[in-house]
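The values are calculated or read from the model by the stated rules, or taken from the named source; none is laboratory data. Predicted model, so just to flag it, every value in this text is computed and none were measured. Because the Cβ atoms are built from the backbone with ideal geometry, glycine has one as well, and the counts that use them run over all protein chains shown.
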Amino acid sequence: MLDPMSGHVTRMFGAVAAGCALAASGLATAGTAGTTGAAGAARPGLSGGMAQSAAAICCSLSGVGAFAGNAWAVGSAGGLGSVILHWNGTAWTRVPGPGSPGDVLGGVAVVSARDAWAVGHTSSRAGRDAPLVLHWNGSTWRKVPSPNLGASSTLDGVAAASADDVWAVGSTGMGRLTCGGCTVLILHWNGSTWKRVPSPTLKVGSGLAGVAVVSADDAWAVGYAPGLAGGTLILHWNGKAWTRSPSPSLGHAYTTLAGVAAASARSAWAVGLTGDSTLVLHWDGTTWKRVPSPSSPSGGILAAVAAASARSAWAVGATDSGNTLILHWNGTAWKQQRSPNPTPGHGEYLVGVAAAAARNAWAVGYAAGGQQALIVHWNGVSWTTTT
């Protein structure tokens with residue numbers, strides 16, 4: 001079973017993908033011809049963007065955001081830096097972004113066709129991670145300064161209420177690939193600068209993985225905190241301060257929340273893992289309650305959730321046997337959907353999901369144990385692998 005105790009679901013799912021850095025050493029950049037990797041096998045280049053299919057890019061996609069006919073997907077190519085892909089309504093293309101080989105992007109939020117944010121972290125040679133924030137202005141992605149935290153830190157989730165009201169969450173004070181000594185990190189964009197916002201006092205080992213915004217005075221962030229409530233952590237923004245929201249006590253230490261989505265002030269979803277089973281919590285405007293969710297016979301984990309409306313939501317993740325997992329909320333119950341698996345049983349994971357409309361949703365992750373980027377699309381009838 002994947003380990004939720006790291007406090008970083010992006011890293012938890014990305015741990016396998018990180019191992020493909022050597023295999024990715026021959027990845028071509030946009031506009032180049034195919035090259036030869038470390039193992040000597042020829043790899044397709046990314047001429048004019050994304051060549052042939054998502055599988056042409058090693059290694060993993062961690063977040064996706066959609067708006068009308070546009071969508072963005074972000075992730076990393078092993079030790080070769082971040083990956084940014086754009087859907088223009090017809091095809092996915094790779095878009096250049098600023099950065100270094102140590103950059104990893106974990107989440108993306110789309111405000112409009114000319115306004116989007118991507119967050120993650122960048123690793124120095126000294127082994128310290130620093131928050132990474134990129135902005136799309138309609139023509140280019142640019143790095144935007146974020147607070148200097150003086151400790152190894154990452155951002156895993158981002159959500160926007162408007163162009164001048166954006167939240168990013170993650171962890172700070174962490175060790176490499178672990179969150180044993182970390183605390184939650186919350187940053188806010190006010191239209192001109194990113195600033196750190198105080199969070200409730202929590203036990204060491206806490207971290208945030210996802211954030212969702214309803215309005216300027218209503219937002220949710222979820223993750224993991226040791227001890228209380230079996231590991232679940234839910235924070236709420238009321239327009240003035242972040243406070244901890246009570247969540248169900250699940251009685252299992254092996255528990256974490258990985259993603260959150262809000263359809264309205266009275267309907268929000270949080271997903272993750274408890275024990276060997278998928279975990280789904282629902283906010284009804286008053287309390288958070290657990291809602292039954294299907295798991296595969298061998299167990300499963302949910303990494304992300306998106307709400308198209310109060311009666312339609314999607315949750316994605318993976319089964320313990322290494323296949324993609326997609327669940328749908330139909331207004332009454334969560335049901336497992338048929339989902340694509342390009343290389344069944346060989347490490348198929350969906351890490352991000354976005355719902356632009358009831359008949360238009362995207363999910364991203366990786367296949368072949370991290371060797372291939374994976375993008376699947378919902379057209380109102382079925383989920384299919386897209387190029």
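Condition first: modelled with pLDDT under 90, of a type in the set (Gly, Ala, Ser), surrounded by fewer than 22 Cβ atoms within 10 Å (Cβ to Cβ) and part of a strand (DSSP E or B). Can you find one or more residues in the range 343-351 that meet it? No, every residue in the range 343-351 fails to be modelled with pLDDT under 90, of a type in the set (Gly, Ala, Ser), surrounded by fewer than 22 Cβ atoms within 10 Å (Cβ to Cβ) and part of a strand (DSSP E or B). Of all the numbered requirements in (1) in a loop (DSSP other than H, G, I, E, B); (2) touching a residue at least 12 places away in the same chain (Cβ under 8 Å), THR332 misses one, and that requirement is (2).
Against the condition surrounded by 23 or more Cβ atoms within 10 Å (Cβ to Cβ), of a type in the set (S, T, N, Q) and at pLDDT 90 or above, how does THR243 come out, does it pass? Here the answer is no, as THR243 does not meet what is asked. Filtered by the rule that a residue be among the basic types (Lys, Arg) and under 22 Å from ALA159 (Cβ atoms), the range 84-117 gives a lone residue, ARG114.
Within the range 257-276, being touching a His at 6+ places or on another chain (Cβ under 9 Å), under 21 Å from SER206 (Cα atoms) and assigned to a strand (DSSP E or B) holds for TRP269, ALA270, THR274.
VAL291 satisfies every condition listed in (1) over 18 Å from the mean Cα position of the chain (by Cα); (2) within 24 Å of ALA373 (Cα to Cα) except (2). Among residues of the range 279-294 that are aromatic (Phe, Trp, Tyr), those with a beta-carbon under 8 Å from a residue that is modelled with pLDDT under 95 at least six positions away or on a different chain give the pairs TRP288/PRO246; TRP288/SER247; TRP288/PRO248. The set of residues from the range 352-373 being part of a strand (DSSP E or B) and under 21 Å from ALA307 (Cα atoms) comprises GLY352, VAL353, ALA354, ALA355, ALA356, ALA357, ASN360, ALA361, TRP362, ALA363, VAL364, GLY365.
Residues of the range 133-150 that are touching a strand residue (DSSP E or B) at 6+ places or on another chain (Cβ under 9 Å), over 18 Å from LEU185 (Cβ atoms), surrounded by fewer than 15 Cβ atoms within 10 Å (Cβ to Cβ) and without any contact (Cβ under 8 Å) to a residue 40 or more places away in the chain: ASN137, GLY138.
Screening ALA304 with (1) in contact with a helix residue (DSSP H, G or I) (Cβ under 9 Å, 6 or more places away or on another chain); (2) at pLDDT 95 or above; (3) not in a strand (DSSP E or B) gives one miss only, at (3).
Of all residues assigned to the range 129-146, none qualifies as being of a type in the set (Phe, Trp, Tyr) and within 14 Å of the chain's Cα centre (by Cα). Taken together, the residues in the range 378-387 that are in contact with a strand residue (DSSP E or B) (Cβ under 6 Å, 6 or more places away or on another chain) and either under 11 Å from TYR349 (Cα atoms) or free of Cβ contacts under 8 Å to residues at least 24 places away in the same chain (or both) amount to 0. Would you check if LEU281 is crowded, with 23+ Cβ neighbours inside 10 Å and closer than 24 Å to ASP218 by Cβ? Criteria met by LEU281. Taken together, ALA130, ALA113, ALA54 contain a single residue that is small (Gly, Ala, Ser), in contact with a strand residue (DSSP E or B) (Cβ under 9 Å, 6 or more places away or on another chain), crowded, with 17+ Cβ neighbours inside 10 Å and at pLDDT 90 or above, which is ALA130. Test VAL119 against the stated conditions and say whether it is surrounded by 24 or more Cβ atoms within 10 Å (Cβ to Cβ) and not in a loop (DSSP other than H, G, I, E, B). Considered against the rule, which asks whether it is surrounded by 24 or more Cβ atoms within 10 Å (Cβ to Cβ) and not in a loop (DSSP other than H, G, I, E, B), VAL119 comes out as yes.
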